[in-house]
Amino acid sequence: FVAHPPVALDRIFANVNLDMVGRNAKGELWAAGATPWIVMQPLLDGLIGTAPVILKLGHDSGKGKNDWTQQSDQGPFHTARIPWVYFGVEDHADYHQPGDTFAKIEPGFFVHSVRTIAEFVRRLDQGFDAVVAAKARGPIGP
């Protein structure tokens, strides 16, 4: 998408990536992106106490194996200096394996994840001007 965008990249103000949001035994949904794109921090912080899932922030420090910055579809957006937030879960036994079937989706967790992400997108829309200004400044770190 970033390599051959259907619209000019300067018209894209942010990327929200969902990857593996339908299953987590602990009820934990992770949001990465607020470390390099600090404009996302208050938008996510405001969700932590009200989200119907356990919303955790991290996996975006720019260091080590547990940094998800370049490990999914948000990576090219980050490289292109477009603010992003990735929503997903930590690895489980079937993570990206053939055994990760539709039958293993946890409907309650999935619905709660989607509601959390939809609320984030609503807040992102309200923060449009701040995110555009942050995009002009660029990310913090790698």
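The values are calculated or read from the model by the stated rules, or taken from the named source; none is laboratory data. Every value quoted in this text rests on a predicted model; they were computed, and no experiment measured them. As a convention, Cβ positions derive from the backbone with ideal geometry for all residues, glycine included, and neighbour counts pool all protein chains shown. The accessibility values were calculated without ligands, DNA or RNA, using every heavy atom of the protein model including side chains. Shrake-Rupley method; radii C 1.70, N 1.55, O 1.52, S 1.80 Å.
Restricting the first member to the range 38-51 and to residues that are more than 13 Å from A118 (Cα to Cα), and the second to residues that are part of a helix (DSSP H, G or I) and of a type outside the set (F, W, Y), the beta-carbon pairs closer than 7 Å and six or more apart or on different chains are V39/A130; V39/V131; V39/A134; G46/R123.
Within the range 41-79, which residues are under 12 Å from the mean Cα position of the chain (by Cα) and of a type in the set (K, R)? Answer for the range 41-79, where residues must be under 12 Å from the mean Cα position of the chain (by Cα) and of a type in the set (K, R): just K56.
Identify, from the list I105, I117, the residue that is touching a Lys or Arg at 6+ places or on another chain (Cβ under 8 Å) and at pLDDT 90 or above.
Selected residue: I105, the only one of I105, I117 that is touching a Lys or Arg at 6+ places or on another chain (Cβ under 8 Å) and at pLDDT 90 or above.
Residue count for the range 113-142, restricted to those that are open to solvent by 70 Å² or more (accessible area, probe 1.4 Å) and either under 22 Å from F77 (Cα atoms) or touching a strand residue (DSSP E or B) at 6+ places or on another chain (Cβ under 8 Å) (or both): 9.
Among the charged types (D, E, K, R), open to solvent by 90 Å² or more (accessible area, probe 1.4 Å) and without any contact (Cβ under 8 Å) to a residue 40 or more places away in the chain, is that true of D67?
Working: among the charged types (D, E, K, R): yes; open to solvent by 90 Å² or more (accessible area, probe 1.4 Å): no; without any contact (Cβ under 8 Å) to a residue 40 or more places away in the chain: yes.
Criteria not met by D67.
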